[in-house]
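Trainee: Mind having a look at this structure? Questions to follow.
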Amino acid sequence: MSADERIRSIAVVGGGTAGWMAAATLARVLKGACAITVVESPEIGTVGVGEATIPTILSFNRWLGLDEDEFLRKTKATIKLGIEFRDWGRLGARYFHPFGPLGQAIDLVAFHHYWLKLRALGDASSLADYNVSAVAARLGRFARPPADPNLVLSRLAYAFHFDAALYAQFLREYAQARGVTRIERRIVDVTLDGESGFISSLVLDDGQRLEADFFIDCSGFRALLLGQALGVGYEDWTHWLPCDRAVAVPCALGGDTTPCTRSTAREAGWQWRIPLQHRIGNGYVYCSEHIGDDEAAATLLANLDGEALAEPRFLKFTTGRRKTIFHKNCLALGLAAGFLEPLESTSIHLIQSGISKLMGTFPGRRCDAHDAEEYNRTAIAEFDQVRDFIILHYCATERTDTKLWRRCRAMRIPDSLAYKIAQFRESGRVAQNADELFTPASWVAVAIGQNLMPARYDRLADLQDIAQVQAYAARLRGLIVRAVEGMPTHGDFIARL
Amino acid sequence: MRANDSIRRIAVLGGGTAGWMAAAALSRALKRTCEIVVVESPEIGIVGVGEATIPPIRQFNASLGIDENDFVRKTQATFKLAIGFQDWLGPGHRYFHPFGKYGATMDQVDFHHYWLRMRALGDDTKLSAYSLTNTAALMGKFLLPVEDPRSVLSSLSYAFHFDTILYGRYLRDYALARDVTRIEATVTDVRLRGEDGFIAALVLGDGRTVEADFFVDCSGFRGVLIEQALKTGYQDWTHWLPCDRAVAVPCESAGAFSPYTLSTAREAGWQWRIPLQHRAGNGYVYCSRYISDDQAAATLLANLDGKPLAEPRFLRFTTGRRNKFLNKNCLALGLAAGFLEPLESTSIHLIQSGIQLLLAMFPDRSCDPKEEEEFNRLALAEFDRARDFVILHYRATGRDDSELWTYCRHMAIPEPLAYKIDLFRRSGRVAYQGRELFTEQSWLSVMSGQGIMPERHDPLADVMPLDELKKRLDRMKLIVRQAAEAAPSHRDFVMRHCPAPQERLP
């Protein structure tokens, strides 16, 4: 590509987590070959306090070359080994969706088929007993996993809970040290090129104009560039995911910090609990048709581990995504691209994945439509697959105690999800497509956790002698518990940072 | 699940490569918990002599516990590093589609974008100079890959050429040793169950019947079970792949055997050359609209490396596939499932993949329609993407010297393929379309080999300073060349490790 076809300048609009994740990555990849400017408004608060992630964040941080201990210290982070779900399938029920594999396949047949068979024979162990991360979460332990694949602890998978504002701050320092310019200004107008309809510049509140070849919209729900300036429409998914508000509040730690997220289903939605080093992030995601704001806040405040540390903050949203995410010379990341409630902690991942897809289809200055087309094809597929996984939590419920849950039980779900559920119910297998974010183990953990029991297990599981399978399962459980008991507590791990 | 729902008896119809691959893999996986019967007809010839494969065959053999050297010796096999495509873009032009990787990814940018960058600056180094597999193939060398990713030898990959009849026998011995029953008989009728149309039994020429819970149709083109009995229906792809006949003949090898398959485009199709240890397999795949059988045979015989060892044999086919591979209690494998010309050596792989999917989704006696649906969703998609890859070779021709090539240059192609070509042409990127057999590297070698050149490269490939890039590329070329030069010749490698017995097997 000739030099004058290259992108020479990129403007990132928004200095939240998405904006600084994008700026940090671009600074690292482009190595000064392109001017990067982040415009952030001093007046607009960043959404997201305690934020939970999934293991892909490790590769993102490693790729930037961040020191994990330093990152943990600076973002007040804790370790996350999975999510505990309470009251989802039915009131009083609990299950754990851990990271990492559930047991180990025997002769190429996935372990949960053997577990289903053992269960039918009266075995009372839970699937989580065969997962290192779940057992470590239950016992409140953590140490980084060893590399040696022969050690059972090598299967420990983890992610983090961190303060999103501190993470953005951390990445901002990283980006600025690599030449990224930061402008603290409000954007009052966006000008488009009359001929191509491309964004040509941002008009700032001091009258300055910021021109760029490429724009990244990290402006949050408003989607200032992609939505407002370019007029890209929004697909509304409220009929599948009816929650449309959240109220959030931090509270004091009630005891030791725990290495897992907790999600408790409530009357009109669900409550999150995300432990950080210095406090706990809490929030109630709810459906405004079924509960008032005051009542939601009261429910949240009545269900905290410790004293509330701030006034509850309210958020409104419409679940869904932009019809296209990359349009003309603008890419949206984070909330500007779409919103999925944080039930499976996918927000940061979708930003990260959006950035990585941008690197995979990095455009020239003309921003040919085919780059955007390929980007949208893969990014939309990922977004929609994650959506299906979240809907699964709502539709696989036996709860009939409130309007929301009755509605979710009865709702029509996307065909893609209906197909997966029917396949799982029939055969215990997860119908997987290429490149799915959530592995079969995740689908199995949630489906079985919410009592969506398959009619049968894989027939080839019958080829193994059942007494041997029983002995193997017992040995594996024991091995995991003993190995985990040798690890320090999560509190000690954090204290030693 | 109740124990009495499980499949107790499987009948495999057909004793060709597909039939014995299925019987061997099933006997290994099911460990004598299920009776397996293979019905093979003594009268029906087995199609396919010299057969070329792709690297996943190694996993299939390994899953059976087969020793590689033993297998090579007993099937007269040679090693395959690549396919050489002669005259596809135009007369006199040649390129290779090697297994294995080109160059190394640098700063997360795929290697070929750096190659494209240098090319735009006037550097005419071929992409193949960065592939050890390709370079070794050109020099007639062979060496085994290593796992250590720091070594250039980790970029190698390989498959085999072998005699399919010997491979069928090898697997037959394997299966019989694991209690598979073999019945030599002709099937004269297929009995269906009245209530659900499932296959109940095969009726044999001597009046015996073979009942089973599940049937594997490896009966070849005819599809005795999947089509004649179950009326599954066939999609005809002749408008995309117009060749409909082949003529095959073995010949003496001219001494050294090449570690690659050679595919030469001809007036009305293309000719294969598959080197085995004791001879070479040859064939001309052609379109009967544009050339007669006699002319095709004459062309083939005029283009052999050595003396022909048999009379030319003719085959007819219709490229396409069944509407379903799994239908009720019957799975079709091999030619009974569908036909793609062997241009990219996919036949054996598609059999293997069907068997592996059957084992991953093993049914019970009820053969639930939900499972059937999922099986077909996955298996048909794989078949269709392999089809697209084969069509690519015809569509991206530069030839207009005969009716066939003129037709292919202008024909309409499937939408996913058009998308892929278009994206590559504009940006140098290979779209990944899910459950694809052929990797980005394969698409890259054929597209760039046949003259589909991207208009630009990944802009991120421009980030590396030019001096540094040149230094790194020079080093890669040097390492590749040195490693290939240091390797033994393919013939020496075979003779040292896995020579077939001298005398011709009966």
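The values are calculated or read from the model by the stated rules, or taken from the named source; none is laboratory data. No experiment lies behind these values; they were computed from the predicted model shown. Glycine also receives a Cβ, built like all others from the backbone with ideal geometry; neighbour counts cover every protein chain displayed. Note: accessible area is taken over every heavy atom of the protein model, side chains too, but ligands, DNA and RNA are not part of it. Shrake-Rupley method; radii C 1.70, N 1.55, O 1.52, S 1.80 Å.
Trainee: Consider just the alpha-carbon atoms of the range A:114-153 and return their Rg together with their Dmax, both in angstrom.
Mentor: 13.0, 36
Trainee: Here is a further query. When only alpha-carbon atoms are used, what values of Rg and Dmax, in angstrom, describe the protein assembly as shown?
Mentor: Calculated on Cα positions, Rg and Dmax stand at 30.8, 96 Å.
Trainee: I would also like to ask the following. May I ask you to derive the FRET efficiency for B:M453 and A:A33 from their Cβ-Cβ distance with R0 = 22 Å, giving the value to the nearest 0.05?
Mentor: 0.35
Trainee: Hey, could you pull the Cα Rg and Dmax for the range A:301-426, both in Å?
Mentor: For the range A:301-426, the Cα radius of gyration and maximum Cα-Cα distance read 18.4, 56 Å.
Trainee: At 0.36 nm per residue, minus the direct Cα-Cα distance, what do B:K231 and B:S151 gain on full extension? Give it in nm, one decimal, please.
Mentor: Computed gain between B:K231 and B:S151 is 23.5 nm.
Trainee: Across chain B, where is the longest run that never hits GluC sites (Glu not before Pro) in a DSSP loop with at most 11 other C-beta atoms within 10 Å?
Mentor: The longest such stretch corresponds to B:196-502.
Trainee: Ignoring ligands, DNA and RNA, how do B:K126, A:K117 rank by accessible area with a 1.4 Å probe, largest first?
Mentor: Putting B:K126, A:K117 in descending order of accessible area: B:K126, A:K117.
Trainee: Whole percent per 10 Å bin, from 0 to the bin with the longest distance: what is P(r) over all C-alpha pairs of chain B?
Mentor: 4, 18, 28, 26, 16, 6, 1, 0
Trainee: For chain B, what does the helix formula give at 222 nm: sum of -39500 (n - 2.57) over DSSP H segments with n ≥ 4, over the residue count, nearest 500 deg cm²/dmol?
Mentor: Using -39500 (n - 2.57) per qualifying helix, the result is -10500 deg cm²/dmol.
Trainee: Now, a different point. From the square roots a ≥ b ≥ c of the eigenvalues of the alpha-carbon gyration tensor of the range A:380-444, which class results: rounded (a/c under 1.5), prolate (a/b over b/c), or oblate?
Mentor: prolate
Trainee: For chain A, give the percent of accessible area contributed by carbon and sulfur heavy atoms, probe 1.4 Å, rounded to a whole number.
Mentor: Working: 9290 of 18960 Å².
Carbon plus sulfur share of accessible area: 49 percent.
Trainee: For B:T264, what accessible surface area do you get with a 1.4 Å probe? Give it in Å², rounded to 10.
Mentor: Spelled out: B:T264, probe radius 1.4 Å, area about 20 Å².
Trainee: Using a probe radius of 1.4 Å on heavy atoms only, what accessible surface per residue do you get for the range A:1-135? Whole Å² is fine.
Mentor: 36
Trainee: Accessible area drop of at least 30 Å² (1.4 Å probe, protein heavy atoms): which residues of the range A:361-377 qualify, relative to the chain alone?
Mentor: Relative to the lone chain, where solvent access is computed with a 1.4 Å probe, the range A:361-377 loses at least 30 Å² at A:F362, A:H370, A:E373, A:E374, A:R377.
Trainee: Could you calculate the FRET efficiency of A:E184 with A:R209 from 1/(1 + (r/R0)^6), where r is the beta carbon distance between them and R0 is 22 Å, rounded to 0.05?
Mentor: So, using R0 = 22 Å, E works out to roughly 0.85.
Trainee: In the neighborhood of B:G140, defined by Cβ-to-Cβ distances under 12 Å, what is the net charge if each Lys or Arg adds +1 and each Asp or Glu adds -1? Kindly include the intermediate steps, with their values, before the conclusion.
Mentor: Details: positive: B:K141, B:R491; negative: B:E485, B:D492.
So the surrounding residues net to 0.
Trainee: Largest first and in whole Å, give the semi-axes of the range A:347-497's equivalent ellipsoid, each being the square root of 5 times a Cα gyration tensor eigenvalue. Provide the component values of the computation, followed by the final result.
Mentor: Details: eigenvalues 239, 137, 75 Å².
Semi-axes, largest first: 35, 26, 19 Å.
Trainee: Report the accessible surface area buried between chains B and A, summing both sides, using a 1.4 Å probe on protein heavy atoms only, in Å² rounded to the nearest 100.
Mentor: Summing both chains' loss of accessible area gives about 3300 Å².
Trainee: Tell me, which residues of the range B:14-32 get at least 10 Å² less accessible area when the other protein chains come in, versus the chain alone (1.4 Å probe)?
Mentor: For the range B:14-32, once contacts with the other chains are taken into account, B:A29, B:L30, B:K31 lose 10 Å² or more.
Trainee: Sticking with this one: Binning at 5 angstrom from zero up to the longest distance, how are the C-alpha pair distances of the range A:224-361 distributed in percent?
Mentor: Over the range A:224-361, the share of Cα pairs per 5 Å bin runs 2, 9, 17, 17, 17, 14, 11, 7, 4, 1, 0 percent.
Trainee: Starting from a Cα-only point model with no solvent, please compute log10 I(q)/I(0) by Debye for the range B:123-262 at q = 0.12, 0.15, 0.17, 0.20 1/Å.
Mentor: Log10 I(q)/I(0), no solvent term: -0.88, -1.04, -1.12, -1.25.
Trainee: Which whole number in µm²/s is D for the range B:38-121 by Stokes-Einstein, with the Kirkwood Rh taken over Cα pairs at 4 °C and 1.567 mPa s?
Mentor: Using the Kirkwood radius from Cα pairs, D works out to 75 µm²/s.
Trainee: Treat each spin label as a single point 7 Å out from the Cα along the C-beta direction, and report the B:D401 to A:R409 distance in nm.
Mentor: Taking the simple label geometry, B:D401 and A:R409 are separated by 7.4 nm.
Trainee: Grab the eigenvalues of the alpha-carbon gyration tensor for the range B:428-483, scale each by 5, take roots, and send me the semi-axes largest first in whole angstrom.
Mentor: Values: eigenvalues 124, 58, 27 Å².
Gyration-tensor ellipsoid for the range B:428-483: 25, 17, 12 Å.
Trainee: What does the charge count near B:G334 come to, summing +1 for each Lys or Arg and -1 for each Asp or Glu among other residues with Cβ under 12 Å from its Cβ?
Mentor: Net charge around B:G334: +1.
Trainee: How charged is the neighbourhood of A:D492? Take every other residue with its Cβ under 12 Å from the Cβ of A:D492, and add Lys/Arg as +1 and Asp/Glu as -1.
Mentor: Combined, the nearby Lys, Arg, Asp and Glu give +1.
Trainee: Return the FRET efficiency for the residue pair A:D236, A:W63: r is the Cβ-Cβ distance, R0 is 41 Å, and the value is rounded to the nearest 0.05.
Mentor: Once the sixth-power term is evaluated, E becomes 0.75.
Trainee: Find how many whole Å separate the alpha carbon centroid of the range A:311-374 from the alpha carbon centroid of the range B:329-375.
Mentor: 38
Trainee: Residues of the range A:409-432 with backbone nitrogen within less than 14 Å of a virtual label 7 Å along the Cα-to-Cβ line of B:D5, please, listed as ranges.
Mentor: Under 14 Å, as judged by backbone N against the label point of B:D5, lie A:423-429 of the range A:409-432.
Trainee: Just the ratio, please: alpha-carbon radius of gyration of the range A:198-248 over 2.2 N^0.38 Å, N its number of residues. Before the final figure, lay out the partial values.
Mentor: Working: Rg = 15.1 Å, N = 51, 2.2 N^0.38 = 9.8 Å.
Ratio of Rg to 2.2 N^0.38 Å for the range A:198-248: 1.54.
Trainee: For B:D196 and B:L301, compute 0.36 nm times the residue count separating them, minus their Cα-Cα distance, and round to one decimal in nm.
Mentor: 32.7 nm
Trainee: Would you mind computing Rg(Cα) / (2.2 N^0.38 Å) for chain A, counting N as its residues?
Mentor: Numbers: Rg = 23.3 Å, N = 497, 2.2 N^0.38 = 23.3 Å.
Compared with the compact-globule rule of thumb, chain A sits at 1.00.
Trainee: Here's something else I'd like to know. Given 25 °C and 0.890 mPa s, compute D for the range B:383-490 with the Stokes-Einstein relation, Rh being the Kirkwood radius over Cα pairs; round to the nearest whole µm²/s.
Mentor: Result for D is 150 µm²/s.
Trainee: How high is the relative contact order of the range B:181-258, in percent, with contacts defined as C-alpha pairs under 8 Å that are six or more residues apart?
Mentor: The normalised contact order for the range B:181-258 reaches 16 percent.
Trainee: Under 15 Å from a label point 7 Å along Cα→Cβ of A:D4: give me every residue in the range A:342-378 with its amide N that close.
Mentor: A:365-366
Trainee: Hey, what D do you get for the range A:182-276 in µm²/s if you plug the Kirkwood alpha-carbon radius into Stokes-Einstein at 4 °C and 1.567 mPa s?
Mentor: Approximately 74 µm²/s, per Stokes-Einstein.
Trainee: So, one more: Could you tell me the distance between the Cα centroids of the range B:278-305 and the range B:466-506, to the nearest Å?
Mentor: If you average the Cα positions of each part, the centres end up 31 Å apart.
Trainee: Provide A:R387, B:R150 ordered by accessible surface of protein heavy atoms (probe 1.4 Å), highest first.
Mentor: Sorted descending by solvent-accessible area, the residues read B:R150, A:R387.
Trainee: Determine the gain in length on full extension of the stretch B:D422-B:A177; use 0.36 nm per residue of separation and subtract their C-alpha separation, reporting nm with one decimal. Mind dumping the intermediate values first?
Mentor: On the way: separation 245, 0.36 × 245 = 88.20 nm, distance 5.16 nm.
Length gained, B:D422 through B:A177: 83.0 nm.
Trainee: Here's another thing I want to ask about it. Quick one, can you get me the convex hull of the C-alpha atoms of the range A:40-177 expressed as volume per residue in Å³? Don't skip to the answer; put the middle values down first.
Mentor: Details: hull volume 22.2 nm³, N = 138.
Taking only Cα atoms, the range A:40-177 has a hull volume of 161 Å³ per residue.
Trainee: Would any residue of the range A:116-160 have its amide N under 14 Å from a label point 7 Å out along Cα→Cβ of A:R475? List them or say none.
Mentor: Residues A:152 qualify, since their backbone N sits under 14 Å from the label point.
Trainee: Using a 1.4 angstrom probe and counting only protein chains, how large is the accessible area of B:K31 in Å², to 10?
Mentor: Here the accessible area works out near 90 Å².
Trainee: Given points 7 Å out from each Cα along the Cα-Cβ axis, report the B:A120 to B:K370 separation in nanometres with one decimal.
Mentor: Each label point is offset 7 Å from its Cα along the Cβ direction, giving 5.2 nm.
Trainee: Return the Rg/Rh value of the range B:345-408, two decimal places, where both radii are evaluated on C-alpha atoms and Rh is the Kirkwood radius. Mind dumping the intermediate values first?
Mentor: Numbers: Rg = 17.3 Å, Rh = 14.2 Å.
My calculation puts Rg/Rh at 1.22.
Trainee: Over chain B, what is the percentage of antiparallel beta bridges among all DSSP beta bridges, to the nearest 5? Working shown, then result.
Mentor: On the way: 52 of 73 bridges.
Roughly 70 percent of the beta bridges in chain B run antiparallel, per DSSP.
Trainee: Determine the relative contact order of the range B:124-220: mean sequence separation of Cα pairs under 8 Å and six or more apart, normalised by residue count, in whole percent.
Mentor: 12
Trainee: What does the accessible area per residue of the range A:282-410 come to in Å², with a 1.4 Å probe and no ligands, DNA or RNA counted?
Mentor: 35
Trainee: Here is a follow-up. Please quote Rg/Rh for the range B:276-402 to two decimal places, taking the Kirkwood radius as Rh and restricting both calculations to Cα atoms.
Mentor: Reported Rg/Rh (Cα atoms, Kirkwood Rh): 1.07.
Trainee: Can I ask one more? Show me the trypsin sites (Lys or Arg not before Pro) within the range A:406-492 that DSSP assigns to loop and that have at most 15 other Cβ atoms within 10 Å of their Cβ.
Mentor: A:R412
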